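The values are calculated or read from the model by the stated rules, or taken from the named source; none is laboratory data. Predicted, not measured: the structure shown is a model, and the values here were computed from it. In this analysis, Cβ positions are derived from the backbone assuming ideal geometry, glycine residues included, and neighbour counts consider all displayed protein chains. Note: areas computed on protein heavy atoms with side chains; ligands, DNA, RNA excluded. Shrake-Rupley method; radii C 1.70, N 1.55, O 1.52, S 1.80 Å.
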Amino acid sequence: MAPPDEIRIGDAERDAVMVALHDHFAAGRLDRTELDERLESVLTAKTRGDLRAHVRDLPSPTGLPEPAVDRHPQTAHHRHPAHHHRHLAHRHRHGPIFPVFPLLFAAFLVLAFTAGPGTGFLVVLQIALAVWVLRAVLLAFGIRRARRHAPGP
């Protein structure tokens with residue numbers, strides 16, 4: 001396999017570098033003349049090395065793919081892309097497990113009709129505050145919900 005800088009590029013790579021150059025121009029790192037010169041050269045670039053020469057003196061993002069860094073050596077099973085995406089989808093799921101808002105709204109309605117809307121609002125506010133404080137304490141101490149598929153030993 002060819003060294004990374006000798007790999008041929010396509011329009012997508014050229015476009016990504018051109019967008020990055022425009023962003024650096026907007027940030028004031030390049031003047032108009034430098035931008036025009038670099039854009040013209042990027043349009044004729046054939047390899048990653050050609051592109052890298054035009055963004056070498058600029059901070060990230062440069063439009064070039066970042067070199068892969070393997071910080072955590074893992075088994076081949078964990079490197080499989082489908083497994084990785086499932087892991088990220090589970091890890092970054094947002095929102096509560098159970099519907100908090102509908103339950104608080106139902107509690108407000110019951111209390112509003114029995115004890116009055118002011119009392120209902122204050123009670124629901126106190127419940128929400130208690131849940132929020134409890135969650136903050138659990139997160140502060142690193143206690144997390146048990147996962148459905150806990151990793152084996």
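A few comments on the model shown:
- Qualifying residue in segment 104-115 (condition: surrounded by 10 or more Cβ atoms within 10 Å (Cβ to Cβ), modelled with pLDDT of 75 or more and hydroxyl-bearing (Ser, Thr, Tyr)): no
- Close pairs from segment 116-143: first under 18 Å from Phe101 (Cα atoms), partner outside any helix (DSSP H, G or I) and not polar (S, T, N, Q), Cβ under 9 Å, at least 6 apart: Val123/Ala115
- Of all residues in segment 4-24 being open to solvent by 80 Å² or more (accessible area, probe 1.4 Å) and among the charged types (D, E, K, R), the one that is farthest from the chain's Cα centre (by Cα): Glu6
- Every pair of residues 6+ apart whose Cβ atoms lie under 7 Å, when the first sits in segment 25-48 and is open to solvent by 90 Å² or more (accessible area, probe 1.4 Å) while the second is in a helix (DSSP H, G or I): Leu43/Arg14
- Within segment 1-14, the only residue that satisfies the criterion of being among the charged types (D, E, K, R) and without any contact (Cβ under 8 Å) to a residue 24 or more places away in the chain is Asp11.
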